[in-house]
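For reference, the structure discussed in these notes is given below.
The values are calculated or read from the model by the stated rules, or taken from the named source; none is laboratory data. If you're wondering where the values come from, they're calculated on a predicted model, not measured in any experiment. Cβ coordinates were reconstructed from backbone atoms using ideal geometry, including for glycine residues, and neighbour counts include every protein chain displayed. These area figures cover heavy atoms from the full protein model, side chains too; ligands, DNA and RNA do not enter into them. Shrake-Rupley method; radii C 1.70, N 1.55, O 1.52, S 1.80 Å.
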Amino acid sequence: MDGLGRRLRASLRLKRGQRGQSQNNPGDAVTEPERIQEHSPPIFAGGQHFFEYLLVVSLKKKHLGDDYEPTITYQFPKRENLLRGQQEEEERLLKAIPLFCFPDGNEWAPLTEYPRETFSFVLTNVDGSRKIGYCRRLLPAGPGPRLPKVYCIISCIGCFGLFSKILDEVEKRHQISMAVIYPFMQGLREAAFPAPGKTVTLKSFIPDSGTEFISLTRPLDSHLEHVDFSALLQCLHFEQIIQIFASAVLERKIIFLAEGLSTLSQCIHAAAALLYPFSWAHTYIPVVPESLLATVCCPTPFMVGVQMRFQQEVMDSPMEEVLLVNLCKGTFLLSVGDEKDILPRKLQDDILDSLAQGINELKTSEQINEHVSGPFVQFFVKTVGHYASYIKREASGQGHFQERSFCKAVTSKTKRRFVKKFVKTQLFSLFIQEAEKSRNPPAGYFQKKILEYEEQKKQKKSRERR
């Protein structure tokens with residue numbers, strides 16, 4: 001890895017305690033190695049600001065040689081009067097962003113045609129705060145060969161469909177003049193991020209077109225607002241998606257290969273979203289920059305996307321127990337070999353049946369998201385949905401998870417074998433840590449599905465007694 005890669009890893013490292021150590025010594029936190037960390041975005045309430053920055057990243061020729069270097073050429077807003085610590089934080093952030101806007105290296109040449117791409121990245125800083133970069137890469141309007149540029153919106157909010165629409169509006173205005181972008185983004189910055197299912201309407205003036213009203217609606221089901229499963233379905237069969245899910249559940253190393261940044265970004269976000277209500281807590285980079293390709297040699301779990309042009313470099317890297325997914329051909333280039341046996345067979349069949357049922361009748365992205373996510377949520381409901389009953393609470397309200405009793409409560413041998421492995425993962429440990437702190441289970445989508453499943457079991461027992 002080159003010097004830039006090392007500096008970036010050092011400036012964007014996250015140290016966090018793990019619960020994967022012995023339960024007899026819960027205070028002995030293990031510190032993860034320094035590396036770029038990216039995570040699935042959390043669920044956000046309404047009322048926050050939409051974004052922190054709008055940036056334009058352009059390719060500028062280096063002083064020596066024919067290579068180009070991505071450089072921020074426009075920034076809104078400009079931050080002033082920052083404290084020293086805030087200024088250093090901003091400088092680190094702005095230094096890292098161009099690399100993720102042009103992750104495919106510095107060897108560019110002016111072009112006359114280039115398909116626009118929409119993708120995203122998530123950076124986690126030393127204090128654990130997360131920022132998402134929503135990117136639109138395209139060829140600017142003009143005569144003759146020219147270099148692509150990237151519009152990048154930096155926000156702490158995960159809502160990809162909504163920010164894609166905002167990028168459409170930015171792109172439309174930039175074709176007229178950069179000056180037209182400013183009032184639109186200023187209005188957006190002053191607007192409050194809507195609550196799930198709500199709409200915010202912005203008034204924007206465009207020369208020669210007059211005043212426009214732009215409506216931005218947030219999906220009602222906020223746990224899926226940061227994902228679109230369509231790309232994953234186009235690239236892979238249901239059986240392959242289930243095997244990727246199984247590998248992720250056991251926190252293995254997973255690499256996705258694809259030509260386009262959009263495909264990589266969408267598919268890796270979709271794979272991580274299948275883990276709901278659990279969150280991938282290891283290295284997670286939707287599009288790995290060329291200078292950070294050594295990430296695939298990391299001994300700890302990761303979920304990363306790599307452009308197809310770097311396939312040979314990846315294949316030549318020393319890797320162990322990796323699932324390498326070719327999204328272009330819909331094949332596994334490398335696998336551990338047991339991916340079909342990780343999940344209980346009966347539950348795998350349940351997921352397959354649910355996915356196949358009525359898939360061709362779905363029309364909107366929201367319907368597709370709910371259809372794909374539902375069977376995987378149901379899998380967790382059936383295997384670990386009884387977790388809340390096995391958290392023993394002190395008078396203070398602090399809970400303690402009874403792992404042995406929890407596993408013994410699973411009556412099916414195949415289910416219990418899986419659950420015993422799953423409870424040792426950081427996915428489950430971090431989830432249980434939060435549950436131990438809370439007096440009551442969170443009133444979210446997962447809890448709703450648990451209650452529905454418990455009610456169905458009661459009704460089934462009642463019918464059997466008759």
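With the radius of gyration and the Kirkwood radius both derived from the Cα set of the chain, what is their ratio Rg to Rh? Rg/Rh for the chain comes to 0.97.
Spacing of the modelled spin labels on ARG465 and TYR182, each 7 Å from Cα toward Cβ, amounts to 7.3 nm.
Based on protein heavy atoms only, region 53-218 ends up with 48 Å² per residue of surface accessible to a 1.4 Å probe. Convex hull volume of the Cα atoms of region 320-407, normalised per residue: 186 Å³.
Can you list the GluC sites (Glu not before Pro) in region 51-143 that are in a DSSP coil and have 15 or fewer other beta carbons within 10 angstrom? Intermediate results must be reported in sequence, preceding the final value.
Details: sites: GLU52, GLU80, GLU88, GLU89, GLU90, GLU91, GLU107, GLU113, GLU117; in loops: GLU52, GLU80, GLU107, GLU113.
In loop regions of region 51-143 (DSSP not H, G, I, E or B), the sparsely surrounded GluC sites (Glu not before Pro) are GLU80, GLU107, GLU113.
Share of pairwise Cα-Cα distances greater than 17 Å in region 285-341 is 35 percent (whole percent).
Charges on Cβ only, +1 for Lys and Arg, -1 for Asp and Glu, centred on the Cα centroid of region 366-465; of PHE379, SER412, TYR453, which one is farthest towards the dipole's positive end? The listed residue farthest towards the positive side: SER412.
The value of relative contact order for region 186-324, using C-alpha pairs under 8 Å at least six residues apart, is 22 percent. Which of rounded, prolate or oblate describes region 53-218 when judged by the alpha-carbon gyration tensor and an a/c cut-off of 1.5? Since a/c reaches 1.5 but b/c is at least a/b, the shape of region 53-218 is classed as oblate.
Within region 191-294, the GluC sites (Glu not before Pro) that combine a DSSP coil assignment with at most 14 other C-beta atoms in a 10 angstrom radius are GLU259.
The accessible-area ordering, largest first, of the residues LYS253, LYS437, LYS457 stands as LYS437, LYS457, LYS253, per a 1.4 angstrom probe.
A helix-only calculation puts the chain at -11500 deg cm²/dmol for mean residue ellipticity at 222 nm, using -39500 (n - 2.57) for each DSSP H run of at least four residues, averaged over all residues.
Averaging the inverse of every distinct alpha carbon separation and then flipping it gives the Kirkwood radius. What is it for region 366-465, in angstrom units?
Values: mean 1/r = 0.0671 Å⁻¹.
It is 14.9 Å.
Which whole number in µm²/s is D for region 229-347 by Stokes-Einstein, with the Kirkwood Rh taken over Cα pairs at 4 °C and 1.567 mPa s? Translational D for this selection: 92 µm²/s. Considering only alpha-carbon pairs that sit under 8 angstrom and 6 or more positions apart, the relative contact order computed for region 53-218 is 18 percent. Between GLN402 and CYS297, the modelled label-to-label distance comes to 4.9 nm, taking each label 7 Å out from Cα in the direction of the beta carbon. Across the chain, the relative contact order, built from alpha-carbon pairs under 8 Å that are at least six residues apart, equals 14 percent. The stretch between GLN175 and SER230 holds 16.9 nm of extra length on full extension. This uses 0.36 nm per residue minus the Cα-Cα distance. Model label sites at ARG417 and LYS198, defined 7 Å from Cα along the beta-carbon direction, differ in position by 5.0 nm. The loop-placed chymotrypsin sites (Phe, Trp or Tyr not before Pro) in region 415-454, going by DSSP, include none that has at most 14 neighbouring Cβ atoms within 10 Å of its Cβ.
For the pair LYS457 and SER215 in one chain, pulling the backbone fully straight at 0.36 nm per residue adds 82.8 nm over the alpha carbon distance. Any chance you could tell me what percent of the C-alpha pair distances in region 193-258 go past 14 Å? Here the tail beyond 14 Å accounts for 74 percent of pairs.
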